[in-house]
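Novice: Shown below is the structure under consideration.
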Amino acid sequence: MSTYTLDTATSRAHPTPVPMKRLTVPMLQERKGVEPIVMLTAYTARMAQLLDPHCDLLLVGDSLGQVIYGLPSTIPVTLEMMCAHGAAVVRGSYHSVVAIDMPFGSYEAGPAQAFENASRVLKETGAAAVKLEGGEAMAETVAFLVARGIPVIGHVGLTPQAVNVLGGYRARGRDDAEAEKIVADARAVAEAGCFLLVLEGVMEEIAVAASKAVACPTIGIGASAACDGQVLVTDDMLGMFERTPRFVKRYDDLATRIGEAAATYAAEVRSRAFPTADQTYHRTK
Ligand code: KIV
């Protein structure tokens, strides 16, 4: 993967010339067994700018419900939220494929509902693909979308939109029946035409079996290093939350660093140490 340096000095969303051509869905599809796919979530233009040079795919995940909006789960996330954040991430990126999560209730009723809403998402955001949760029950919908020009990422195993059916966010596939069902789900949506498949919160043996069973690249989250790529929620990876699931590796501790910066700012405002002459305008004589 080639990387570029984006001049973010002005935080402009549209540097000229545009630094490079964007990766495409077929380019990612061809990566199975070639080079691991790097995927992170992004919800804002600025975060997209920072992540884009290092990633192959930016996912505007419905995890924005908890991360951005402080909601208790992904269930209340709306199509309007996904479109607004999706458009921002597309504006802030030049290199990565951008994919948008279809929120709960926007696709499960059937292929026609899914097409209407997924086409709206692509039109309003400029993203290249959508992701939807579910296995065998979603295979017909995946095939319908793909046949009509909408690239789809599948998502099986722990599917957070099904939290009320699953009863929580525990890793899946602890017994044989559940393990076999997850591999069958993976096979079903892959054969229906998904170009990538997210395997979330599954026992490693299942991730390995599913990765072998499907022709498209698999992307693990709480799954296995043997997947064809990995995804994490960026805010988890950056240490923005005190509590993270066991499968998250924290690459920074931003929550602590932001708290420290805010405390220093507050102290300087209260002591009138900020602003100094450096941050103050004066009339020139
Ligand atoms: O919503 C999300 O961020 C996701 C990823 C964790 C795969 O679905």
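Novice: If you average 1/r across every pair of different Cα atoms in the range 84-193 and take the reciprocal, what Kirkwood value do you get, in Å?
Specialist: In the range 84-193 this quantity evaluates to 14.7 Å.
Novice: Next question. What whole-number value in Å² describes the accessible area per residue of the chain for a 1.4 Å probe?
Specialist: On a per-residue basis, 51 Å².
Novice: Any chance you could look up the accessible area of residue 282 with a 1.4 Å probe, heavy atoms only, rounded to 10 Å²?
Specialist: The value for residue 282 is about 140 Å².
Novice: Using a 1.4 angstrom probe and counting only protein chains, how large is the accessible area of residue 166 in Å², to 10?
Specialist: 50
Novice: Follow-up question, since we're still on this one. Semi-axes of the equivalent ellipsoid of the range 187-285: what are they in whole Å, largest first, if each equals the square root of 5 times a C-alpha gyration tensor eigenvalue? Could you put the intermediate results ahead of the total?
Specialist: Details: eigenvalues 478, 56, 13 Å².
So the three semi-axes of the range 187-285 are 49, 17, 8 Å.
Novice: So, one more: How much net charge surrounds residue 116 when only other residues with a Cβ under 12 Å from its Cβ are counted (Lys, Arg +1; Asp, Glu -1)?
Specialist: +3
Novice: Got a number for carbon plus sulfur as a percent of the range 116-197's accessible area, 1.4 Å probe?
Specialist: 49
Novice: Considering only protein heavy atoms and a 1.4 Å probe, what is the carbon-and-sulfur percentage of the accessible area of the range 213-285?
Specialist: Carbon and sulfur atoms account for 55 percent of the accessible area of the range 213-285.
Novice: Also: Rg and Dmax of the range 217-265 over Cα atoms: what are they, in angstrom?
Specialist: 13.8, 46
Novice: Another question, if that's okay. Jot down the radius of gyration and Dmax of the chain, Cα atoms only, both in angstrom.
Specialist: Expressed in Å, the Cα Rg and Dmax of the chain come to 20.6, 81.
Novice: Quick one: helix 176-192 against the long Cα principal axis of the chain, what's the angle to the nearest 10°, folded into 0 to 90?
Specialist: With rounding to tens, the tilt is 80 degrees.
Novice: Once the Cα atoms of helix 111-125 and of the chain are each reduced to a long axis, what angle between those two axes, in degrees from 0 to 90 to the nearest 10, is obtained?
Specialist: On a 0 to 90 degree scale, this one is about 20.
Novice: Any chance you could check the Cα centroid distance between the range 268-285 and the range 123-198 for me, in angstrom?
Specialist: The range 268-285 and the range 123-198 have Cα centres spaced 55 Å from each other.
Novice: List the extent of the Cα atoms of the range 147-200 along each of their three principal axes, largest first, rounded to whole Å.
Specialist: 35, 22, 14
The values are calculated or read from the model by the stated rules, or taken from the named source; none is laboratory data. In this text, all values refer to a predicted model and were calculated from it rather than measured experimentally. Methodologically, a virtual Cβ is constructed for each residue, glycine included, from the backbone with ideal geometry; neighbour enumeration extends over all protein chains shown. Side chains are part of the model used for accessible areas, which takes the heavy atoms of the whole protein and leaves out ligands, DNA and RNA. Shrake-Rupley method; radii C 1.70, N 1.55, O 1.52, S 1.80 Å.
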